[in-house]
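Visitor: This is the structure I want to talk about, given as structure tokens.
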Amino acid sequence: MDWFAPLAAVDFAALSLPRAIPIGPVELRFYSLAYIVGILLAWWWVLRLLRAPQPPAPPATKEHIDALVTWATLGVILGGRLAYVIFYDPVRFAANPVDIVKIWEGGMAFHGGMIGVGLAILLYCRSQGLSWLRVTDFIACAAPIGLGLGRLANFVNGELWGRPTGADWGVVFPGAGPEPRHPSQLYQAFLEGLVLFILMNLLFRSPTLRARPGFLMGAFLVLYGAFRFVVEWFREPDAQLGVLATGLTMGQTLCLPMLIGGAWLMATAEGRRTRGLAAAPAAG
């Protein structure tokens, strides 16, 4: 029996997925909702991880994490938007600079958002005397929540679709032509969201790994980079870029530094074991 036969060539338009939720006179777009819910759930999860049996002592207090949410939110928005402008559509934004601030029209890059969050956390940790690597280890275990919800939002919006496919589960997306395509947004939601969340939190359960500052962050970079690199073979390249001269997409190219940097963090984590393991200072 062909279990996927009922899904053959699904017409996305027929799914009637709501792209916005009306709230009084305004509409809350599903993509914005994914960001909001993702941040709130990640916040809650990090606080839960802080209560996990240690050693070593937690790298921050609840008050630190509460304050860090604002910093991280600004970092992901600014970093994600600027990276999209620079790497994915520089010609358009050079011609229309005012469009840079129109984030409600879409256009965010994960790699830039990650850098933005990392810099925001670094600045905050330095201001509070916290170990940046140990804080990011905890953040890395919660980040897949937002990643998974973001990819589900991409699917609901009918954007960032996959390449043409003859698979039974292909989806016909409006604006992408008549041929069924890989629902690559769902592949990413599964790998970068659910699977990555499970793996990161299994690693977190090991006190030995938690005692190596930067190991968990390195694992996150390697796992995400690997998952994203593979799924890019099924995802339609950005129309304005296509496949680069190297034969890779821009997404795959940006994953390479993640893989290298993550592997380095994991390989050198043992040497940092004796540093940054004191209890977090009280929030001021």
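Each value in this text was obtained by applying a stated rule to the coordinates, not by laboratory testing. These numbers come from a predicted model, not from an experiment. For neighbour counting, all protein chains shown are included, and Cβ atoms are generated from backbone atoms with ideal geometry for every residue, glycine included.
Visitor: Looking at 46, 191, 131, which one has the Cα that reaches farthest to the positive end of the dipole of the stretch 25-272 (charges on Cβ: Lys, Arg +1; Asp, Glu -1)?
Guide: Result: 131, furthest along the dipole toward the positive end.
Visitor: Over the stretch 148-284, how many percent of alpha carbon pairs lie in each 5 Å bin up to the one with the longest distance?
Guide: 2, 10, 15, 17, 16, 12, 10, 7, 5, 3, 2, 0
Visitor: Quick one: what Rg and Dmax do you get for the stretch 25-272 from the alpha carbons, in Å?
Guide: Spelled out, the Cα radius of gyration and Dmax of the stretch 25-272 are 18.5, 56 Å.
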